[in-house]
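**Student:** Shown below is the structure under consideration.
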Amino acid sequence: MTSETMTPSPHALAVLLLTFIALILFSRKEIPLETSALIVLIVLVSGFHFFPYEDAAGRFNPLQFFEGFANQALIAVCALMIAGQALVRTGSLELVGRLMAKIWAVSPSMSFLATLVVGALLSAFINNTPIVILLIPILINVCNKNKMSPTKIMMPMNFATLLGGMTTTIGTSTNLLVVAVAADMGVKQFGMFDFFLPACVVAAICIFYLWLIAPKLLPEHLISSEEESSRLFTAHFQIGEESESVGKTLSELINITGGRMQVQRIRRSDTVTVVSLPDARVRAGDRLLVDDTPQNLKEFEQMIDAKLYSGGEEVDDDHPLKQQEAQLAEVLVYPGSPLHRSTLNEANFFMYNNLEILAIHRAGKSIRAMPQGIANARLRMGDILLMQGPPDAIDTLKEQQEFVVLDNTRDLPYTRKARIALILMGAIILAAATGIMPIHFAAPVGVCLMLVTKCLSWKDITQSLSPQIIFIIVTSLALGKALLATGGSEFIATSFVHMTGSFTPIMVLGALMFMMMVLTNVVSNNAAAVIGAPIAISIATTLNQPPEPFILAVIFGANMSFVTPMAYQTNLLVMNAGGYQFEDFVKTGSFLALIAWASATWVLAVMYNIT
């Protein structure tokens, strides 16, 4: 095959255009990712139904685009997500967390390195989300005890888990997908540890950067429930009938707080808002939307004679807000939590917890509207809820595996089922690693045994499955199949090689990985990887090179989700919990991405003798 560009067919052009549109949709936050994926899938199926495509093999059946729902990689991904949920629910990872918390008292610097290494090793076999969720409160607590800044280590810890996920075929859903797509195209099936060595070399180089250099690039501030938090929360102040604020202008209320309170808007009802002008007069029943720190919000509550309003129930003298022993707590919303993509009322939070929700923090952004109050605001992954209530209610919340309280002042439960869940997870990994059973068989068998042994309930399973991941995988596989069938991937590959005509094969390999790295920080890493896999194989064929290093370039590049907080879900979790800004990710993550890219390109070139 030559590197000359080919003329794509009308169907190939249409699929290429749809792929470009899909990548744009996947990068937009206004539309849920699963909705965008479903739209693209339906457009693809409809297009091939009404405009049939035929080649030498005959007419293409558009029903093949739905085969992704039965793809072995998707089955394995879903089963591993469920198995990971069992480890969280049973507290199986808590033992690791406790041991790590103890060694911090010996040597913080070496303990930091140990945290990075252990996080990476665990992520080679377990989805990194529960690992990050486990480590966030532990790191906050040990840092506060040792007078260290958690912001110096929380982002590096997250990045270390992403690096660990690159090392095995089951480390991430991206790895499983690319390996499955490559196998479907005739490439020899990768074993679980076939690229463990090159990935470990890359991870080791990057962990050295995360240990010694990255903390110097990150901001420094303490995060403690006992000290002033720098996180800004969005809250409603309810003006009561007897409040001294009734009849006062907004400027008068602001002056009472010494000019510190900033009112975003005044809500008079669910449908009526008042522009927050200085001369606007406050009425009984008004709700003031204010952004500030927890300490300031509580201070303003007293100054302007208002009530922090959650919408749960009417606040009065008997309510927990007025209990003298009431404490503040910050709770992180994470994937799998009953609060994720739900409202407090829908999750019946107030029915089962003697707590009030005072405010919401969302990635450093101001929430401009909550027309029906905090209780009916739809929560997103990474949101932090400021709660208040009696200490025993907060302790009860910590004991529930469904919530992450950003305060690790007490040990979390290690249940009777924890050891069983760990053994079954180990059996899944061992069966797949030794070839006794492929991972798409071993993982569902393990999940079934977890159900039988009551490590899991069906409620846990439904909470662990992510519609986002399912639909993005199915749609990405369908786009990849369409690109292959119509010759679209071959067109991209020959065009890519033609544009890099003066490049050596190692430079083409590096350029492919760099392209994947850029895409994964803008759109879904699964989408970038699945679309990139057939292109990588076509590039290798065009250059008369082995396909394996180019497939690994796609896997490694698609896992380098370091540069933006929206590139991967755990980035958003640590961004909110650590109080990072967007530029913190760009600055620290860009250096890491370049180091990982350069080292991975070098390692693959050496291993596969590419010059």
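**Student:** Under the condition of being over 15 Å from the mean Cα position of the chain (by Cα) and not in a helix (DSSP H, G or I), which residue from segment 451-485 is surrounded by the most Cβ atoms within 10 Å (Cβ to Cβ)?
**Tutor:** 455
**Student:** From the set of residues in segment 586-611 that are of a type in the set (Val, Ile, Thr) and surrounded by 17 or more Cβ atoms within 10 Å (Cβ to Cβ), which is farthest from residue 518 (Cα to Cα)? Walk me through it before giving the result.
**Tutor:** Going through segment 586-611, the residues of a type in the set (Val, Ile, Thr) turn out to be 586, 588, 595, 601, 603, 606, 610-611.
Going one step further and asking which of them are surrounded by 17 or more Cβ atoms within 10 Å (Cβ to Cβ), we end up with 588, 595, 601, 603, 610.
Details: 588: 15, 595: 14, 601: 15, 603: 20, 610: 23 Å.
Once the filter is applied, the top-ranked residue is 610.
**Student:** Working only within segment 447-461, note down all residues that are modelled with pLDDT of 85 or more and out of contact with any helix residue (DSSP H, G or I) (no Cβ under 7 Å at 6 or more places or on another chain). Steps first, please.
**Tutor:** The first filter runs over segment 447-461 and keeps only residues modelled with pLDDT of 85 or more, leaving 447-458, 461.
Selection gives 448, 451, 452, 454, 457, 458.
Yes or no, residue by residue, for (1) surrounded by fewer than 17 Cβ atoms within 10 Å (Cβ to Cβ); (2) modelled with pLDDT of 85 or more:
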position: 210; (1), (2): no, yes
position: 218; (1), (2): no, yes
position: 228; (1), (2): yes, no
position: 236; (1), (2): no, no
position: 239; (1), (2): no, yes
position: 244; (1), (2): yes, yes
position: 249; (1), (2): yes, yes
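**Student:** Taking residue 25 and the conditions (1) outside the structural domain of residue 459 (by TED's automatic domain parsing); (2) among the hydrophobic types (A, V, I, L, M, F, W, C); (3) under 30 Å from residue 442 (Cα atoms), which numbered condition does it fall short on, given that it satisfies the others?
**Tutor:** So residue 25 meets the others, but not (3).
**Student:** Being assigned by TED's automatic domain parsing to the domain that holds residue 450 and surrounded by 18 or more Cβ atoms within 10 Å (Cβ to Cβ): is that true of residue 147 here? It would help to see each step written out before you state the result.
**Tutor:** Values: assigned by TED's automatic domain parsing to the domain that holds residue 450: yes; surrounded by 18 or more Cβ atoms within 10 Å (Cβ to Cβ): no.
The answer is no for residue 147.
**Student:** Can you confirm whether residue 111 is of a type in the set (Ser, Thr, Tyr) and under 26 Å from residue 217 (Cα atoms)?
**Tutor:** Values: of a type in the set (Ser, Thr, Tyr): yes; under 26 Å from residue 217 (Cα atoms): yes.
Considered against the rule, which asks whether it is of a type in the set (Ser, Thr, Tyr) and under 26 Å from residue 217 (Cα atoms), residue 111 comes out as yes.
**Student:** Condition first: touching an Asp or Glu at 6+ places or on another chain (Cβ under 8 Å) and either at pLDDT 90 or above or of a type in the set (Ser, Thr, Tyr) (or both). Can you find one or more residues in segment 492-512 that meet it?
**Tutor:** Going residue by residue through segment 492-512, those that are touching an Asp or Glu at 6+ places or on another chain (Cβ under 8 Å) are 494, 498.
Next, only the ones that are either at pLDDT 90 or above or of a type in the set (Ser, Thr, Tyr) (or both) stay: 494.
Yes - at least one qualifying residue is present in segment 492-512.
**Student:** Can you tell me how many residues within segment 275-305 are in contact with a Lys or Arg (Cβ under 6 Å, 6 or more places away or on another chain) and either outside any loop (DSSP other than H, G, I, E, B) or within 12 Å of residue 235 (Cα to Cα) (or both)?
**Tutor:** Counting residues in segment 275-305 that are in contact with a Lys or Arg (Cβ under 6 Å, 6 or more places away or on another chain) and either outside any loop (DSSP other than H, G, I, E, B) or within 12 Å of residue 235 (Cα to Cα) (or both) gives 2.
**Student:** A follow-up question, please. Scan segment 493-550 residue by residue and report those that are hydrophobic (A, V, I, L, M, F, W, C) and without any contact (Cβ under 8 Å) to a residue 12 or more places away in the chain.
**Tutor:** 499, 503, 507, 518, 540
**Student:** Please return the ranges of helices (runs of 4 or more DSSP H) entirely within segment 520-610 where 2 or more residues are at pLDDT 95 or above and over 17 Å from the mean Cα position of the chain (by Cα).
**Tutor:** Values: elements: 525-542, 547-558, 569-578, 582-607.
The helices (runs of 4 or more DSSP H) meeting that bar are 547-558, 582-607.
**Student:** Next question. Can you confirm whether segment 487-510 contains a residue that is over 22 Å from residue 191 (Cα atoms), among the charged types (D, E, K, R) and under 23 Å from the mean Cα position of the chain (by Cα)?
**Tutor:** no
**Student:** Now for a separate question. Counting just the residues of segment 404-424 that are over 15 Å from residue 85 (Cα atoms) and crowded, with 16+ Cβ neighbours inside 10 Å, which one comes out modelled with the highest pLDDT?
**Tutor:** Step by step, filter segment 404-424, then rank; the result is 405.
**Student:** Follow-up. Condition check: within 24 Å of the chain's Cα centre (by Cα) and in the same structural domain as residue 119 (by TED's automatic domain parsing). Does residue 171 satisfy that? So that I can check it myself, show each step before the final result.
**Tutor:** Values: within 24 Å of the chain's Cα centre (by Cα): yes; in the same structural domain as residue 119 (by TED's automatic domain parsing): yes.
Here the answer is yes, as residue 171 does meet what is asked.
The values are calculated or read from the model by the stated rules, or taken from the named source; none is laboratory data. For clarity, every value in this text was computed on a predicted model and none was experimentally measured. Using ideal geometry, Cβ is built from the backbone for each residue, glycine included, and neighbour counts are taken over all protein chains shown.
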